Amino acid sequence: MKTRCLTVAAALAFSGLVQAAPFQSTYEMPESEPTLIRDVSMLTATKDTIDRGYVYFRDGVIVAFGYGDVIEELIPMGEVTIVEGEGRWLTPGIIDTHSHLGDYPSPSYPATSDGNESTSPVTAEVWAEHSVWPQDPQFPQALAGGVTTLQILPGSANLIGGRTVTLKNVPGRTVMDMKFPGAPHGIKMACGENPKGVYGKRNQSPATRMANVAGYRQAFADAQAYQREWQKYQDSVRKAEGDATADVADMPERDIGMETLVGVLEGQILVHNHCYRADEMALMMEVAEEFGFQITAFHHATEAYKLADQLAENNICSAIWADWLRFKLEGFDAIKENAAILESAGACAVIHSDSPIAIQHLNQDAAKAMAAGQQMELDIDEADAIRWITINAAKALGIDRQTGSIEPGKMADLVLWDGNPFSVYTRVEKVFIDGALRYDRESDLKPVTDFELGHRRME
Amino acid sequence: MMLRRVLCGAVLLPLLHVSSLFADDVVIANVKVYEGPGSEPEVIAIRSSEGVITEWGRGFSAAGAFLYPGNEGYVTPGFIDSGSILGIAEAERNTYAEDQTYEGKSFSAAFDPGMAFNRYSSAIPLSLEEGVTRVLVRPDLGEQVLAGQARLLTLPNAPELSDEDAGVLFVYLGESGRNKAGKSRAAALQYLLTALNEAQVFASKRRDYERNRIRELSLPLADLEVLASVLEGRRKLGLYIDAAAEIENVLNALDEYALDIVLFGAREAWKVTEAISSRDIPVVINVLDNRPSRFERLGARRDLAAQLHEAGITIAFMTEDQYSETRMLKQAAGVAVAHGLPWQAAIDAITINPAKIWGIADRVGSLEIGKEATFVVWDGDPLELTSSVKYLVVKGEMIEIENRQKLLRDRYRSFEKGKPFVYR
């Protein structure tokens, strides 16, 4: 099914309509000093725990890491900035798969509320990045919590909310300055109470869960029709190249929302599906099967533990809170052991925030989820728990080959903590993004957004 | 384990998520009293009889008591969350199981959501599980500045409401109050002043009021009664204010009354500590919410607790969190420590300080002979994320915490083929 047609982007490029995809990343990796962090405890997110070791990075990339003493022949010590890591811990940069920073910034008023295009149940045409306010003071607050990468999603009012965007947590004058180079787009879809609640109240569809499912299916059926229409046009153009007498079909009109949905059908746009209940996740897997796409992650999957075996089998990540519950009925069965049960079943567990407060302490949330697993005597340790907020999150965002773990060749996105990251008393000391120091408590290096300037905020 | 053996004999009531032994003498041996990271904990034993701590220290006999091994777990008083909707909201949003907000206008100060407190709520064991044994249950913002009354309730059973009902009249000022008072903070304050004035007239001329001989008052009798009790010092006035300037403005305006004020929120209080400490006003804060999420919160900061403590202000913590009930109280205290608050001061902010603020410190809030035997034995540092409750004793009763979250966990422990899950 997937190989049947070329991508719409290719078709559009062929037609000469689109020269290049708009809103490309303009992030430029800053110059940075070659750096060696030594005598540091490390959680590498590759299931390694290193009691005392080192990491060396240069030009934004991790070059080497290892146990024990630094092997000096391998590292040109003369030109290296050395960070003494004694008593400290190093982890990959924290990655949040679910955030609305910039779309729901602080200050939080109707004037700044840009996260939910709740005017129609399917708004595949909107892109979360077009609402991101780069001056949101919550970005630096997340940085102080060790967050180096985050996905911004549209809200959950709609069945299909629009495109998501993955950002590096770096300051930018524009959202393009923050975009993670090469990260795929995602699409936000939502199950359950929110869409049916928003539209049901207005006496519009969907007012029920059954109409939710009908809504997704119709949207993707429409996308298939749109895909065929472009395919037909493209075939006729190709035919005309070899046969000047052949008619060229009229070029179909572009539909921005359909382009996104076709991107999902083509596997270029990752599906991030807000879905609390296990039974609804199973229905969504059927919808995905029907239209031949893959769900990358269920978000807010409070009941994922009830379906851990099937989620493992279908290679779907579950992005969850550690201990939120009861704030609505579909969150009533949330349990702290969710991540640990998923991990034990071989499924991909991710701890996410969905909150400008929780994003500041994802390490603490991972600690709570880890402890809950240990209390039920599952074989879970710190090496597992760190993965829930780093490499597994990277996997859910399709950037796990670039970042998310401490391995040679990966982006030097690193957090130095002043103690064990799973202790409540531990704080972030330094944050490196692509090897550049972006936050440093010691030298008081931290971004101050335009909005904060002159407002006498201090931390 | 001894606990299990002892409790096997206890009757477990169906649907009651908390079961307890009768209040026999309890001795927990070898527990640690802890002054915080870096200090040497002291190993002691603790005994309660008839709900009160009767012995505390080393070398006393456990004769005649149920003896529990403490295994050198840390002991603290039960924690107090000074702002929550526990027990008055089962599941929020689009359910009818919520009682924390009054959106009518028939009365205001008289609204008392504690009257709807559900002592069988399945949320309560989740709080006990985190060592929280008392909560100040408070109204959320409804349609009026005077949102209603808050009460301190004792878990798990929250008996007689009057038991320790210091009672608080909860008033939302700030931007929230402004939105309910004709869209001006000045109007919100004026509303409060007018209400107090009316209550003063009412209190001083009750007879005339009853004979309908004084000019008409705008507030209904039920509200006047509550406001009168505030003026007479029988009830506290809880003011939710964040902005530094507004804290000053409001406190200045209220100086002419003899009020027992407690500030809530107070995210910018660090700028006006003198105005607060000179009036000896305690402050209840939300440690984790440091966002500059409104203009009145531009000065929000994570080290607020440390700042206020240093200025000599009595602080207590509230979770005021709709997402996790009271579960994050000890985490909040731990975060306050990470941001400069001394460890013991953080423990105080969830034990003895709220006991003082809510007027029960003579019998609650610290481990002392003669005080209520409500305490927690932890399996690690009480504020650590990885620590959990080993024993929970409330008024001398050993409480076994059972909750539906644990039952769900155990039901889905294995995916092997077998009985359908609903029979597991």
Could you go through region B:65-79 in sequence order and give the Karplus-derived ³J(HN,Hα) for each residue, using 6.51 cos²θ - 1.76 cosθ + 1.60 with θ = phi - 60°, rounded to whole Hz, and x for Gly and Pro? 10, 5, 9, 10, x, x, 6, 6, x, 7, 10, 9, x, x, 7
Mean shadow area of chain B over all directions, Cα convex hull, nm²: 23.6
Sequence-separation-based contact order of region B:200-315, relative, with Cα cut under 8 Å and 6+ spacing, percent: 21
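May I ask you to list the GluC sites (Glu not before Pro) in region B:303-368 that are in a DSSP loop and have at most 16 other Cβ atoms within 10 Å of their Cβ?
Filter output for region B:303-368: B:368.
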Under the rule of at least 5 residues apart or a separate chain, name every residue whose amide H is placed under 5 Å from the amide H of residue B:71. none
For region A:358-398, shape from the Cα gyration tensor axes a ≥ b ≥ c, cut at a/c of 1.5 then a/b versus b/c, turns out oblate
For chain A, the longest principal axis of the Cα atoms and the Cα long axis of helix A:256-265 enclose an angle in degrees, to the nearest 10, of 70
Once the Cα atoms of helix A:278-291 and of chain A are each reduced to a long axis, what angle between those two axes, in degrees from 0 to 90 to the nearest 10, is obtained? 50
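With a ≥ b ≥ c taken as the square roots of the eigenvalues of the C-alpha gyration tensor of region B:338-410, please select rounded if a/c is under 1.5 and otherwise prolate if a/b is larger than b/c or oblate if it is not? Write down the numbers at each step before the final one.
On the way: a/c = 2.25, a/b = 1.29, b/c = 1.74.
Verdict is oblate for region B:338-410.
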Could you tell me the center-to-center distance, by alpha carbons, between region B:384-418 and region A:164-218 in angstrom? 36
Dipole of chain A, positive direction: furthest Cα of A:405, A:211, A:363, with charges on the beta-carbon: A:211
In degrees between 0 and 90, to the nearest 10, how far off the longest principal axis of chain A does helix A:362-375 point, with axes built from Cα atoms? 80
Please give the calculated 222 nm ellipticity per residue for the protein assembly as shown, where each DSSP H segment of at least 4 residues contributes -39500 (n - 2.57) and the sum is spread over every residue; nearest 500 deg cm²/dmol? -7500 deg cm²/dmol
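Counting only trypsin sites (Lys or Arg not before Pro) that sit in a DSSP loop (anything but H, G, I, E, B) with at most 16 other Cβ atoms within 10 Å, what is the longest stretch of chain A containing none of them?
A:255-400
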Taking the alpha-carbon centre of each part, the distance from region A:312-338 to region B:41-66 in Å is 42
Give, in whole angstrom and from largest to smallest, the semi-axes √(5λ) of the equivalent ellipsoid of the protein assembly as shown, with λ running over the eigenvalues of the Cα gyration tensor. 48, 34, 28
Measure up A:201/B:105; A:188/A:368; A:201/B:180; B:105/B:271; A:188/B:417 against 29 Å on the Cα-Cα distance and list the ones that go over. B:105/B:271; A:188/B:417
Residues whose built amide H sits under 5 Å from the amide H of residue B:284, excluding neighbours closer than 5 in sequence, are B:263, B:264, B:265, B:316
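Relative contact order for chain B: what percent, with Cα pairs under 8 Å and sequence separation of 6 or more?
Reported as a whole number, the value is 19 percent.
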Mind checking how much accessible area A and B bury in total, 1.4 Å probe, in Å² rounded to 100? 4900
Counting only protein heavy atoms, what percent of the accessible surface of region B:268-323 is carbon or sulfur at a 1.4 Å probe? 36
Looks like region A:162-289, by Cα gyration tensor root eigenvalues a ≥ b ≥ c and the a/c under 1.5 rounded cutoff (else prolate when a/b is bigger than b/c, oblate otherwise), is oblate
Which percent of the accessible area of region A:202-314 is formed by carbon and sulfur heavy atoms (probe 1.4 angstrom)? 47
Binning at 5 Å from 0, report for region A:246-327 what percent of all alpha-carbon pair distances ends up in each bin. 3, 14, 22, 19, 13, 10, 7, 4, 3, 3, 2, 1, 0
Cα convex hull of region A:304-459 - mean projected area over all directions, nm²: 11.3
Note on region A:135-176: contact order normalised by length, alpha-carbon pairs under 8 Å, 6 or more apart, percent, works out to 39
Non-local amide H neighbours of residue A:407 (under 5 Å, H modeled in plane, Pro and chain starts lacking H): which ones? none
Within the set of other residues whose C-beta is less than 14 Å from the C-beta of residue A:119, count the net charge using Lys and Arg as +1 and Asp and Glu as -1. -1
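State in Å² the accessible area per residue of the protein assembly as shown; use a 1.4 Å probe, count heavy atoms of protein chains only, and round to the nearest integer.
39
The values are calculated or read from the model by the stated rules, or taken from the named source; none is laboratory data. These numbers were taken from a predicted model, which means no experiment stands behind them. No Cβ is skipped: glycine too gets one built from the backbone with ideal geometry, and neighbour counts run over all protein chains shown. The area values use the complete protein model at the heavy-atom level, side chains included, leaving out ligands, DNA and RNA. Shrake-Rupley method; radii C 1.70, N 1.55, O 1.52, S 1.80 Å.
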